[in-house]
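Below is one structure; the comments refer to it alone.
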Amino acid sequence: MSETKGQTAIAHTNIAFIKYWGKADPILNLPTTSSLSLTLNEYYTKTRVEEADEDSLMINELKQDSKRVHEFLNVLREEMGDFPPLRVISENKVPLSAGLASSASSFAALTAAVAKHNNWDLSLEELSCLARRGSGSATRSFFPDFAIWDKGHDDKSSFAHHYDVPNLPIALVVCKISGTIKKVSSSDGMRRAQTSPNYDAWVKESAKQLEDMKVALQNADLERVGQIAEANALAMHGLNLTATDRRFTYFNQNTMKVMEEVKVLRAKGYIAYATMDAGPNVKIITSLEQAEDIKAYLTERFRKIQFDIATPGPGISYE
Ligand code: 2P0
């Protein structure tokens, strides 16, 4: 039996501790700030590309609108040279569009699969640079554990690299508050956040927080890592609330309630800091040792919310 020629790649999603929230160039996806993330073991996208008659997209066995993927494949064709149409078949183990950054793992896996399929000899940094054109956060999903996306100043200088952190026993308690499709896309959210009068101050503060975060990571100071990440996330969400173009929030009542419990947990002596992305879910930064306790505590209080424990994950791989 002849097998269809194709290639499969697996990318894990990442959660930013220092967020990307604004574009200096929306076409090239150049960010206004550098960002830093942790790749997660539990959530990933596995993508296979096969030659076909036209570009198409299936996610979890359902046919999807392929416009964004088709446009991205055309960017790759422009940058790297033409290749035939591709059927893109994705298995997504990330809750779709609910603030668990499925576009990060999706565009990283797609870029890697297409590159390998076409025998392009590229470094992880070069793949990261290409993936940026599909989705900014995808730049960081090629690397295990921690990655930094240096904002750069043009197409070739804006990509992520691995950030080596010695022995940090970190875990996240992921609160799956809502799995519904978000109302404001990340791109639209960023555009509107950039109309906040506080935006320039955020850009400046973010650069300082990134440097502080590197020190905290090198010192394996989990408490400080959490403090900086929480402050950075709240400042990001503050931009949304203060946008002059249709202010908005991704938070709902449960987001606020879980955030209150995070403070209670801290008062009880736990390491617990919240970070939120383009959705209502709260990710609680804690230690591997305390994660189960925190999960049990929250499960007791929020019977309808599902809590997962996520741990540092691997970089890109192929099948
Ligand atoms: C991040 N997020 O750093 C930030 C924090 C969400 C909140 O990157 O427009 O899907 O495709 O470049 O990467 C989500 O935005 O946006 C994101 P595009 P993306 O993880």
Could you give me the radius of gyration and the Dmax of the stretch 196-271, taking only the C-alpha atoms into account and expressing both in angstrom? 14.4, 41
Hey, could you get me the Stokes-Einstein D for the stretch 170-310, Kirkwood radius over alpha-carbon pairs, 37 °C and 0.692 mPa s, rounded to whole µm² s⁻¹? 208
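Past 30 Å, Cα to Cα, is the threshold; run Lys46/Lys67; Lys151/Lys263; Lys93/Lys295; Lys151/Lys183; Lys19/Lys93 against it and keep the listed order. Mind showing how you got there, number by number?
Working: Lys46/Lys67 20 Å; Lys151/Lys263 32 Å; Lys93/Lys295 21 Å; Lys151/Lys183 27 Å; Lys19/Lys93 22 Å.
Too far apart for the 30 Å limit: Lys151/Lys263.
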What angle do you read, to the nearest 10 degrees and between 0 and 90, between the alpha-carbon axis of helix 222-241 and the longest principal axis of the chain? 80
List the aspartates and glutamates whose alpha-carbon lies under 12 Å from that of Lys214, not counting same-chain residues fewer than 8 positions away? Asp164
Once phi for every residue in the stretch 66-79 is put through the Karplus expression 6.51 cos²θ - 1.76 cosθ + 1.60 (θ = phi - 60°), the whole-Hz ³J(HN,Hα) values, with Gly and Pro written as x, are 9, 4, 5, 5, 4, 5, 5, 4, 5, 4, 4, 5, 5, 6
Which Cα, out of Tyr250, Leu38, Gly81, lies furthest along the positive dipole direction of the chain (beta carbon charges, K/R +1, D/E -1)? Tyr250
Assigning unit charges at the beta carbon (Lys, Arg +1; Asp, Glu -1) and nothing else, what dipole magnitude in debye, to the nearest 20, does the chain show about its Cα centre? 1220
Net length gained if the chain between Glu319 and His153 were fully extended (0.36 nm per residue, minus Cα distance): 56.3 nm
Leaving out ligands and nucleic acids, and using a 1.4 Å probe, what accessible area per residue does the chain come to in Å²? 45
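Where does the charge balance sit around Ser137 when Lys and Arg score +1, Asp and Glu -1, over other residues with C-beta under 11 Å from its C-beta? Display every interim value, and only then the final one.
Working: positive: Lys19, Arg132, Arg140; negative: Asp277.
Neighbourhood net charge equals +2.
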Under the Karplus relation 6.51 cos²θ - 1.76 cosθ + 1.60, θ = phi - 60°, what is the ordered set of whole-Hz ³J(HN,Hα) values for the stretch 272-279, x standing for Gly and Pro? 7, 9, 9, 9, 10, 10, 7, x
May I ask you to rank Tyr44, Tyr20 by accessible area, largest first, using a 1.4 Å probe over the protein chains only? Tyr44, Tyr20
Please compute the Kirkwood hydrodynamic radius over the stretch 1-120, one decimal place, Å, based on all pairs of different Cα atoms. 15.2
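The values are calculated or read from the model by the stated rules, or taken from the named source; none is laboratory data. Predicted model only: the values in this text are computed from it and were never measured. Heads up, the Cβs are rebuilt from the backbone with ideal geometry, glycines too, and the neighbour counts pull from every protein chain shown. For the accessible areas, the whole protein counts, side chains as well, though only heavy atoms, and no ligand, DNA or RNA atoms are used. Shrake-Rupley method; radii C 1.70, N 1.55, O 1.52, S 1.80 Å.
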